[in-house]
1. For the range A:171-181, check the following and say yes or no: at least one residue is more than 14 Å from chain B (Cβ to nearest Cβ) and part of a strand (DSSP E or B).
2. In the range A:86-105, what residues are part of a helix (DSSP H, G or I) and more than 25 Å from the chain's Cα centre (by Cα)?
3. Being surrounded by 14 or more Cβ atoms within 10 Å (Cβ to Cβ) and either modelled with pLDDT of 95 or more or not in a helix (DSSP H, G or I) (or both) narrows it down to one of A:43, A:61, A:30, so name that one.
4. Would you list the helices (runs of 4 or more DSSP H) that sit entirely within the range A:216-294 and hold 1 or more residues that are at pLDDT 95 or above, more than 9 Å from every other protein chain (Cβ to nearest Cβ) and closer than 28 Å to residue B:14 by Cβ?
5. Taking the range A:106-122 as the search range and keeping residues that are in contact (Cβ under 8 Å) with a residue 60 or more places away in the chain and not in a loop (DSSP other than H, G, I, E, B), which one is nearest to the other protein chains (Cβ to nearest Cβ)?
6. Take the residues of the range A:123-168 that are in contact with a helix residue (DSSP H, G or I) (Cβ under 7 Å, 6 or more places away or on another chain) and over 30 Å from residue A:205 (Cα atoms): which is nearest to the other protein chains (Cβ to nearest Cβ)?
7. Starting from residues that are in contact with a strand residue (DSSP E or B) (Cβ under 7 Å, 6 or more places away or on another chain) and more than 12 Å from every other protein chain (Cβ to nearest Cβ), keep the ones in the range B:49-81 and report whichever is nearest to residue B:25 (Cα to Cα).
């Protein structure tokens, strides 16, 4: 918008952009490149490590079944990379400022200002802090108090959000490279599920940064509440798991943080625009939790909103009808397609006993793998039979396992 | 590695306001509440039931501004806004 000559104000409640922001840690090249071409060539670009390998771990009590993919092809150009928000957000916001946006920090947007059905600005917590604008882009994150003030979504339900807690753990560069089998700026991501969420729907992550690791665990808030487990106790338990402990040992915790993740999926997306406003990113529930993608959906929705507003400016019309070009851009992009594909996932996770998917099955899988690889004199045919029985029993019998497989397939291909 | 929550919170820089941005709306709702869920789900131990005074104490200066309590209080009894501009947490890494 600033590049197109519009006058833009960037409101931020923290001391600087990123002061209040945390995420797991993965940023995606394609969607950032659409906004800042060839950003990776820039000196001082705040990348931690570009990812050459992604691992998925199913945790047993003191075991793991692993699945993953490493490929040198992810290097040219990068597929995705890790980052830390305090550095990244300042770099990113600076791009807007360089283009002419006016930064206004340490200022909370507390409400929208309306004239009839039109949004004409925001109230802030500064003295005489009312700001008027043709369009307000609501980008105030998962809690989106502006979205609530506007009435586009009511309060999220506890089963629509996850709480993730994270630590940034310092380790020498050489240790990280040795432990994760890396050269230079290469990095690895690990997502883990099973034992580490104590039977709750959720996942953990361990990402490599330059000289730190980002370790976190997130679970659905309704289940966390039900279990009466302290969120940081989950993180501590994950640290004790032998697979994690050996990767982080000797590390020093530099920072603890916590954040809600909108995980309601397709059906939780609120109206995206109206007279004088658009809503983007987490504030619009634009998170693909199956693929732990969020930053790319946020950036792309922000870009679409910017483009739609520039077009609206050309027409001199900031009405709902005019700004609907933002909705259309979202609807015809990967954002809508991906969230629609997984639209049944939220319901599946709600209906299924979380113990089955996040406790019994991962444990059965680990036990089956243990038995298969154990050489103890039993015949291979017996071992195969035992392994299959373990999985079937965990699901409550063959019919239930097939039903679950069918439901899972449907949920992932809605 | 920091294991206790006080060690963990010590890693975050806070600029505390004099007044709380978190307000318990009705003391009676906490009295009625059997489970005291907020004593558990908060990632920075803001809420604690004080048996003697029979009220929920609010250590707002510990708050990491995640919003869980706003959504998860079964009585919807917590008025939640952001700290004033520039106040509250400032992450060093994020």
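1. no
2. Scanning the range A:86-105 gives A:97, A:98.
3. A:30
4. Per the criteria, A:231-240.
5. The residue in question is A:109.
6. For the range A:123-168, the residue satisfying everything is A:137.
7. Of everything passing the filter in the range B:49-81, B:77 is nearest to residue B:25 (Cα to Cα).
Here's the yes/no breakdown for (1) surrounded by fewer than 16 Cβ atoms within 10 Å (Cβ to Cβ); (2) free of Cβ contacts under 8 Å to residues at least 40 places away in the same chain; (3) under 24 Å from the mean Cα position of the chain (by Cα):
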site	(1), (2), (3)
A:247	no, no, yes
A:255	no, no, yes
A:266	no, no, yes
A:283	no, no, yes
A:291	yes, no, yes
A:319	yes, no, no
A:348	no, no, yes
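The values are calculated or read from the model by the stated rules, or taken from the named source; none is laboratory data. The structure presented is a predicted model; accordingly, all values stated were derived computationally and were not measured. Quick reminder, even Gly has a Cβ in these numbers, built from the backbone with ideal geometry, and neighbours come from all protein chains shown.
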